[in-house]
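Just so you know, all these numbers are worked out from the coordinates, no wet-lab data involved. In this text the structure is predicted, and so the values were computed from the model without any measurement. Note: ideal-geometry Cβ built from the backbone for every residue, glycine included; neighbour counts use all protein chains shown.
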């Protein structure tokens, strides 16, 4: 969640409400706007977390507009106006325009690289103060990251208008990589290739324009002024020429990107903030491609009063509900006696349908006023019987035999699963691995529980013996039955494993534990037996497979005189044995260990027959 | 003096020690008639009560060794030689050698010692060196001592050995013994450590227990020291986190919820797309989610095509960007259990005869995954629980009520709800619970009503809440580092105690 630092003093000034509105009132109400107070320096500054769906909360201006509504200082739509020079809905002949002095012509060259450009001019009598400048940069960064998907969909440039005034019309076009200018924060001219290789911004965002197949030949989107001086190299960096300082009075904002809807939403949020900060906004004129002069269109969304009352458990009248929406700085209009039509300003792209308005009604109502109600359940609860009852019996029998339950992660590393247990690391497509884990300890899904328990012993060599551990949990196996790949290729099975470590630990004890557990859990275990086997975890000659033999009648053969024949199937459900001493010594475990692992998913259906 | 309870063994020892306040363990065994083991235990108990003091003393004991044991009649080799010469006549070396046994060490030793002491003279022909020309005779100048050095001491040791009586090094002549000890493998010295038990001053005054009170005595003779420390037993137990999980399951069931479960490996479609997470949303990136190799991508989405195409349309309409099927077919480790809930709801709906769901309360509990570096407060794999209510007329206030009751049953009394944002619920809240220990509100479970585009096709709203179980277990067990739950540290597993 993004975080912004706010000053109570500034908030109080921006809200400009009555004296009753104090620091305490604000700190009490902020959480009910969805803003978590992450820290409070005890003096004046708080850091708040805001949700990614409300980037307009990235500045204290945006937060104060919302607080004005919630506290009832100002309600309804936030005043917003842009000086327009032409009708955005009519197409203007670029060569014969008497419209906006801030004209940007978009060439066809950018259409396949970064087709969208929009923007605004913001003028102000005074100079930018340091705090406001910092807040604007925070907003810009947040829009880049959230709505802009790390500048891919939207990148915003802020320019000092004084330094480029009179140089319009601008051209948004492409240039080759050899094109050079002085980028922001640098003092010498650099070519685009140098910028991409040698500057921080170039390394971070250069791939957004170089990875596109069409720009590989060196066509980079660029904004040039009428003298062909570089204004910006979106989405990477601005020119040094237009740097904003605290002496800046008027700003030119450019927003470029791949989606007109998102670019215009980002522009609306910036424009609202600048307007509320006291700037006068003047429209720019954009033409070329699918671009248009920014319309700042409002939308209408409808909400049913009954639906809202039903979901919120309230009994609001239509005027109550409208008041709630006004407190969220929206523009409700009564449609009929049960429906409200609501004007949504362009800076709220998060409001799309009725449910979004119901949430706004709840916020405007004040969610601290929503009283919890407890109604009786109409249903009876159940655990998943087949699984839960067996699991419980297993737990009881294992702890009865003095075993301590262990819990390991399903996601483990090749070290525990393969290297330490003397197992060859298979080809990638024979284990189930994650693509981009941040840690080698979490890179493969386990196919065995016992390997984890052996590793657990190694972490406990200083604890007293005997040590007895068991675990029930999920293991992950690839389906290798060659079936059509319609299904999930990975099957998840529940296993049980146990390990016993101390000076006298041996095969017989491990088998005894397994046998006792099975007889308590399943009763009759006559069809379970052990047979010599070899397994990477166990010592040769001290390892057995656990086999369940099932007699299943076969369909009588019509040619045969015998009415029925039966077939026996042997199902290997696990292994028991003494842990290979080489594995133990590579883990520096100084006592012998024995144990077993069985598949409950495979044995449960066989044994319950 | 306070009354001290003594075991009959202890009483016997004290009674004997009162007569003789310093005794060895062996002496005590004899004087009390106790077995060695009983005496040892009794002494240990008494030492613990500071009624006796124990000190060690070392003592050397002597016995014959390999070489002295071979002596004929326990006679020193030099005495044997001198005996042969006692008639005063010179004897040839070969004769003497034969007499002492040609192959034994005796002749050499005897000659060495006799020569060194000047008891014999060697007469040699200058022109012939052969043994046969050399004769030995008794010295005329050095008179023989009556007893040779070491002779009497050897006799004493040999006598004791024969009679199986231990002989202390201190009980023989020290100088004489040195002559024997110099010889290789002749006399063995064994150091034996003896425990000396001394009655403590406080015990000397102890007499109350020896009062001839039959009734009392009978009672006390069976009494043991009930205050004494006893060893710990390594018991078996289920994992503390599992105990919290069982408790949570029980609370759900008693509140009318039924358990559901499902796979941890899910397609992106179920984990993200069906829950309205845009395909370019940051949480879908590899740095936040564990993706599995492309070769396990699902071939056909495990959902009716009607559902898939509706979800695709919702994505394109809402975010105005293309929805990619290949992206939806990738497999991930589920980042929440809501995918299980939704699958269950939609599957039950499609199986129902009237294509209508009746009231339902369900919960799912299982592991979920986030591609994060682990720390004291974050795990890459943790346990999440989620409860869902599907009832006609249920509102967000009912969800708040059920959740408050859920927390109350977990022992968490103070709860409030703050609005927040989740992609698949609206309105959404996070519950804040007051932590008495930290003295502040902490964030616990998230909650909300499924977005209508998620629960499309269902008649009533779907109320859901959920979160990490480890957070609750941390409160209950006073654990500060969440990694403890998966470290399998036996010391912790053998000793952790529930605090709340």
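Shape analysis of the range B:285-377 places it in the oblate category; the axes a ≥ b ≥ c from the Cα gyration tensor give an a/c of at least 1.5, with a/b not above b/c.
Across q = 0.15, 0.18, 0.25 Å⁻¹, the range B:1-83 modelled as identical point scatterers on its alpha-carbon atoms has Debye log10 I(q)/I(0) values of -0.62, -0.77, -1.23, in the order of the q list. If R0 equals 56 Å, the separation of the Cβ atoms of residue A:107 and residue B:281 corresponds to a calculated FRET efficiency of about 0.95. Mean sequence separation of contacting Cα pairs (under 8 Å, at least six apart), scaled by the length of chain B, corresponds to a relative contact order of 13 percent.
Would you tell me the mean number of C-beta atoms belonging to other protein chains that fall within 10 Å of each C-beta in B:418-428, as a whole number?
On the way: counts 9, 12, 9, 9, 2, 2, 0, 2, 8, 13, 4.
Going residue by residue through B:418-428 and averaging, the value is 6.
The simple spin-label model puts a point 7 Å past each Cα toward its Cβ; for residue A:516 and residue B:19 those points are separated by 5.0 nm. With contacts taken as Cα pairs under 8 Å at a separation of at least 6 residues, the range B:296-358 carries a relative contact order of 32 percent. In chain A, helices alone account for a calculated mean residue ellipticity at 222 nm of -8000 deg cm²/dmol, with every DSSP H run of four or more residues adding -39,500 (n - 2.57). For the protein assembly as shown, treating each Cα as an identical point scatterer without solvent, what Debye log10 I(q)/I(0) comes out at q = 0.06, 0.08, 0.09, 0.10 1/Å? Debye curve over Cα of the protein assembly as shown, log10 I(q)/I(0) at q = 0.06, 0.08, 0.09, 0.10 Å⁻¹: -0.70, -1.00, -1.16, -1.31. Remark on the range B:384-500: hydrodynamic radius 15.7 angstrom, per the Kirkwood mean of 1/r across alpha carbon pairs. Rounded if a/c is under 1.5, else prolate if a/b is larger than b/c, else oblate: which is the range A:118-183, with a ≥ b ≥ c the root eigenvalues of its Cα gyration tensor? Note, shape of the range A:118-183 comes out oblate. With the alpha-carbon atoms of chain B aligned to their principal axes, the span from lowest to highest coordinate is 136, 82, 42 Å, starting with the largest.
Tell me the mean residue ellipticity at 222 nm calculated for chain B from its helices only (DSSP H runs of n ≥ 4, each -39500 (n - 2.57), averaged over every residue, nearest 500). One gets -10500 deg cm²/dmol as the mean residue ellipticity at 222 nm.
Per residue of B:291-298, other chain Cβ atoms within 10 Å of the residue Cβ number 5 on average. Working from label points 7 Å from Cα in the Cα-to-Cβ sense, the residue A:245 to residue A:189 distance is 2.3 nm.
The simple Förster model, with R0 at 45 Å and r as the Cβ-Cβ distance, assigns residue A:606 and residue B:436 a FRET efficiency of 0.35. Placing a label point 7 Å from the Cα of residue B:65 along the Cα-to-Cβ direction, the residues of the range B:185-203 whose backbone N falls under 11 Å from that point are B:185-190. Helix A:260-276 and the long axis of chain A differ in direction by around 60°, with both axes built from C-alpha atoms. Each of B:160, B:339 was scored by other Cβ atoms within 10 Å of its Cβ. Listed from fewest to most, they are B:160, B:339. Maximal additional length on extending the residue A:549-residue A:568 stretch stands at 6.2 nm, based on 0.36 nm per residue less the C-alpha distance.
How long is the gain from residue A:441 to residue A:392 if the chain were fully straight, where each residue apart is worth 0.36 nm and the alpha carbon distance is subtracted? Spell out each step's value before the answer.
Numbers: separation 49, 0.36 × 49 = 17.64 nm, distance 3.01 nm.
Extra length from residue A:441 to residue A:392 when fully extended: 14.6 nm.
Using C-alpha pairs under 8 Å with a sequence gap of at least 6, the mean separation divided by the residue count of the range B:342-500 gives a relative contact order of 22 percent. With viscosity 1.306 mPa s and temperature 10 °C, the Kirkwood radius over alpha carbon pairs of chain A converts through Stokes-Einstein to a diffusion coefficient of 52 µm²/s.
Shape class for the range A:219-267: oblate, because the ratio a/c of the largest to smallest gyration tensor axis (alpha-carbon atoms, square roots of eigenvalues) is 1.5 or more and b/c is at least a/b. Per-residue mean of foreign Cβ neighbours for A:409-419 is 2 (Cβ atoms of other chains, 10 Å radius). Stretched out straight at 0.36 nm per residue, the stretch from residue A:18 to residue A:131 would grow longer than its current Cα-Cα span by 38.3 nm. The peptide list A:115-121, A:223-229, B:230-236, put in order of mean Cβ contacts within 10 Å with the highest first, becomes A:115-121, A:223-229, B:230-236.
A Förster radius of 51 Å, combined with the Cβ-Cβ distance separating residue B:356 from residue A:27, puts the computed FRET efficiency at roughly 0.60. Sorting A:263-274, A:163-174 by their mean Cβ neighbour count within 10 Å, with the most densely packed peptide first, gives A:263-274, A:163-174.
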